[in-house]
Structures are given as structure tokens and as C-alpha cells.
Amino acid sequence: MDKITLELLEKTSGLHDIPQGAYNIRKDGKLLARNCSTEIEIVSKPDKDGINIIIAPHTKNQSVHIPVVVTQGGLNDLVYNDFYIGDDCDVLIVAGCGIHNDSDQNSSHNGIHTFHIGKNSKVKYIEKHIGLGSNLAEKNLNPTTKILMNENSSFEMETVQLGGVNYADRRTDATLKANATLIINEKILTTEQQKALTNFTVKLVGDNSKVEVTSHSVAKNQSFQAFNSNIIGKAKCFGHVECDGIISDQAIINSTPKISAQDVNAMLVHEAAIGKISEDQIIKLMTLGLTQEQAEQQIISGFLS
Amino acid sequence: MGIIQPTSGKILFNGEDITALSITERARKGIAFGFQQPVTFKGLKVKDLLKIILNQVFECNECCTYLAKVGLCAKDYMDRPLDNKLSGGELKRIEIATVLARKAKLNIFDEPEAGIDLWSFDNLVNIFQQQSATNIIISHQHKIIAIADTVILLNNSKIERIGTPNEIMKLINTNKHCEKLGGAN
């Protein structure tokens, strides 16, 4: 693998080489490498671009890496990845996309991921997005994540975009059956004229289902972010959305957390706060010997960690 | 500490005029400051603050020492975010630990007794007595005033008297302006 591909894999998936276990690496719209394990099968879709990842019931402590790298300008990559996770599993799924574009033509990756999560299964899903290369053309990423959660399942999603992406439209839709738990942690940093849109829709349809959405975003320069969440409680359920934004310069963050209780036993909470870095926090770190600039950097990196 | 610039006068630190120095410059000269109301963060952890203080030379044993001094177990606290999920008392003890970790020449504590009601007050007094650094402590607590070498009594932002703890406590007990002192506040 070339240096740029390795760098993108490292930054999006923490990989230094071909990963252990099952993986599918997609580069510039084509399959670069694939490996299945006894319990995890990866097959190409017959009708469209993408893969089915089939995880056998009772698969425990295994991981699947499905990174995507784009190193060409002018590529508009669209891919459908469907995960079928059997009952009683405990797995780690690492996705993510990195675009390195030095050309003068825009590149984009649109990953449509659907998760079917079996009963009593536990999934941790990490998705990192990054754009690298010169500023001649745009690097755009539009991930869509659909999560269908069966009884007693849990899904923890970490979605991270730390710079370099000109435009991102992130859509996440989930439906939770009884006793299912969904935890979403989102971290987004935008600079310059970048735009990042986020939309979460979570339907809590089963009793004792639970969702926790935490979004930390930092918008600098003239960048723009919009956070929209819609939590719908149709059963005895609990939903909590916390959206915190830090703005600086001429940046704009719009936050619209919506909650809709459609059952008398639904309990839904949303909290949203946007503002610049607090003076007290900067002063505290300056009393430890940091300059104002270093203090701000430290606060932001902690906020996005 | 340089948070508010003085309108007149001079501040000398070891003979050097530091009046015009910023917070950062004063900190780097060897002055540490403990806030009355510890500042909370979103995401920054206890270990992140200690890392800044110890200049990235991160020795877990060293961190343990400072946290143990304020009655906290490092194992339980190093990875805790410095946010409102910690109680006021825990935040205050961590604040004091971060001042001690700085190993500064001069420590300034702004009402260190505030908010540590759950923790043995005597431990706090012991910490001040064990320090080899100079401590300036802003306090309303007579037990803390009693361990000072020199007490400066302020009234409406003006120095009313400078003396030994005995002299000042006598004055406090007889002066109605000082009724806030002695633990009533």
C-alpha cells in the first residue's frame, strides 16, 4: 500500500497495516483487500456497489474493519454496506473514510450503512472521517447510518470528523425495540468555510428502550454547522440528547433538538448549549502556565476527545 | 495572579516587579493559584490538568502523591472528567492537588476551606503546615488564620491591620466589622 493510503487508514481506523480478523478495504471506488473469518462473512452485493457483512450468532470479541480511502480527484463514490449481526454477539466494527485530494476536482464518498442487530447483541461502531490534501478542490463526506435494534441489543456509535472535510451531511436513523440501548457520541470540528450537517432520528418503540445522544462540536473561522435531532418515544422509554457547541470567529452553529413523547411513560430530555470558550476555563489553564492560545487548544482538544 | 490588573501600586515577587506581568508570566515565575470556585470543563480530565502541570512528564506515582494528599485515590480519579458530575468537595480537593503539584514558590489559595465540608478540615490545615512554599491564603476560617505567620485583615478591600494571628483574632472578637469571621460565614 502507498504512503497516502496508509496515512488515511491510520487516521480513520487507527490501522498501521492490514488489520487482524475480518476486513474490507475500499480504495477509489474499488475493492483493495478483503478477509473473512469463520464467524464473519463479507460478500459483495450482486445488484449494486457495496457489501453484506454477515456476523454469525454468538460471535464474541471479534472486530470488522471496513475503511474507505479516496485518493483521486473527481470521484463520487456511493456504496451500500449492510450489516447482519446475529443474536448474542459482542463485536467491534470500525468504518470511516479518508479522502486525500490534491487535484482540482471535487471528491466525495457517500456511505449508506444499515445495521440489523440481533437480540442480546452488543455492537461498538467507530466511524471517523477526515479530509487531507491541498485546498484546490472539495472533499465531501455524506454518511448515512440506519440502525435496526432488536430486543436487548446495544449499539454504541462514535462518529468523529476532525477537520479537512468541506461538506458533510450526516444522517442517522435508529429504531429500538424493547430493552435496546443506543449510545451515540458525535465529535465535529469545522474550520474555514466548511459545512457540517447532522440529523439524528431515533424511534423508541419498545418498552425500556433507551437512547443517549451526545454531540460536541467546534466551529471556527467562517464555518457552519447544523445539528438536528428528533427523538420519538412511543413506549415506556428514556431519551436524552445533549448538544454542546463551541464557536469562534464568524462561525455559526444551529442546534435543533426535537423530542416527541407519544406515550405517557416516555421520558425525553434535551439539553443544548452553544457559546465561545468560557473565560474562567482559559484563566484556570493560564494559571498553570499556559498561554491563552495554548489554553484554548487544550480546552478544544479535551472537548473533542 | 494578574486576573485583575491593579489600578495603582506595585507587586514585587522576590524583588522583581511583576505588576505588569500576565497570568501566564506570573504562573511561570512560580506563582500558583487555587480558585475558590474550581473551574469545570467538558472533556478535560483530572490527568490532563496534571499533565499540563508536570510538563507532560507524566509519572503516575507523582500524581498519586498529590491526589492522596487531598484524600483522593488516583486510580479512581485520574480518568474522571473535570465536570459537574464531580461533587463540589471533590472538585475543591482536586483544585488543591493541582496547586500542590505545581511545586510553586508561592501558593495563593482563595478560600480553600469553602466546599470541603465532607473532608477532614484538619487535613487541609496539615497540608498548609507541611508546605515549604510561601502560602497566601484568603480565608474566613479562624483555624486557618491561627496557623499563619502574618495575618492581613482586609475590610472593604482596604488593609485594616497587619499582625500575628493572636493580635488579629483579638481584634476580630471585639470589632463588629469582623463578625463574618470565625466560621460564621
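The values are calculated or read from the model by the stated rules, or taken from the named source; none is laboratory data. A quick note: this is a predicted structure, and the numbers were derived from the prediction, not measured. Reconstructed Cβ throughout: ideal geometry from the backbone, glycine too, with neighbour counts over all protein chains shown.
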Total residues in segment B:30-70, condition more than 15 Å from B:Ala101 (Cβ to Cβ), out of contact with any strand residue (DSSP E or B) (no Cβ under 6 Å at 6 or more places or on another chain) and surrounded by fewer than 18 Cβ atoms within 10 Å (Cβ to Cβ)
2
Do we have any residue at all in segment B:74-94 that's at the interface with chain A (Cβ under 10 Å from one of its Cβ atoms), touching a Phe, Trp or Tyr at 6+ places or on another chain (Cβ under 9 Å) and surrounded by 16 or more Cβ atoms within 10 Å (Cβ to Cβ)?
yes
Considering segment A:54-80, residues that are assigned to a strand (DSSP E or B) and without any contact (Cβ under 8 Å) to a residue 40 or more places away in the chain, and then whichever is surrounded by the fewest Cβ atoms within 10 Å (Cβ to Cβ), we arrive at A:Asn61
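Would you check if there is a residue in segment A:103-111 being in contact (Cβ under 8 Å) with a residue 12 or more places away in the chain and within 26 Å of A:Leu176 (Cβ to Cβ)? Let's see the steps before the verdict.
Residues of segment A:103-111 that are in contact (Cβ under 8 Å) with a residue 12 or more places away in the chain, as a first pass: A:103-111.
Now narrow it down to the ones that are within 26 Å of A:Leu176 (Cβ to Cβ): A:110-111.
Checked segment A:103-111: at least one residue is in contact (Cβ under 8 Å) with a residue 12 or more places away in the chain and within 26 Å of A:Leu176 (Cβ to Cβ).
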Answer yes if at least one residue in segment A:261-279 is β-branched (Val, Ile, Thr), more than 9 Å from chain B (Cβ to nearest Cβ) and in a strand (DSSP E or B), and no otherwise.
yes
Scan of segment A:280-303 for residues that are touching a residue at least 60 places away in the same chain (Cβ under 8 Å) and more than 7 Å from chain B (Cβ to nearest Cβ), ordered by number
A:Ile300
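State whether the residues of segment A:249-256 include one that is assigned to a strand (DSSP E or B), more than 26 Å from A:Leu189 (Cβ to Cβ) and among the aliphatic types (A, V, I, L, M).
Taking every residue of segment A:249-256 in turn, none turns out to be assigned to a strand (DSSP E or B), more than 26 Å from A:Leu189 (Cβ to Cβ) and among the aliphatic types (A, V, I, L, M).
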I'd like to check something: does segment A:225-244 contain any residue that is touching a residue at least 60 places away in the same chain (Cβ under 8 Å), outside any helix (DSSP H, G or I) and within 14 Å of another protein chain (Cβ to nearest Cβ)?
no
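Scan the helices (runs of 4 or more DSSP H) fully inside segment B:86-163 and keep the ones with 2 or more residues being over 28 Å from B:Phe41 (Cβ atoms) and modelled with pLDDT under 90. Don't jump to the end; show me each part of the working.
Details: elements: B:88-101, B:121-130, B:142-146.
So the answer is B:121-130, B:142-146.
Looking at this structure, is A:Ala178 more than 26 Å from A:Lys203 (Cα to Cα) and part of a loop (DSSP other than H, G, I, E, B)? Before you say what the answer is, go through the steps one by one.
Values: more than 26 Å from A:Lys203 (Cα to Cα): no; part of a loop (DSSP other than H, G, I, E, B): yes.
Considered against the rule, which asks whether it is more than 26 Å from A:Lys203 (Cα to Cα) and part of a loop (DSSP other than H, G, I, E, B), A:Ala178 comes out as no.
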Where in segment B:8-69 are there helices (runs of 4 or more DSSP H), lying fully within it, with 1 or more residues that are modelled with pLDDT under 95 and more than 11 Å from chain A (Cβ to nearest Cβ)?
B:46-53, B:60-69
Among the residues of segment A:23-63 satisfying the criterion of being at pLDDT below 95 and among the aliphatic types (A, V, I, L, M), which is nearest to A:Leu8 (Cα to Cα)?
A:Ile25
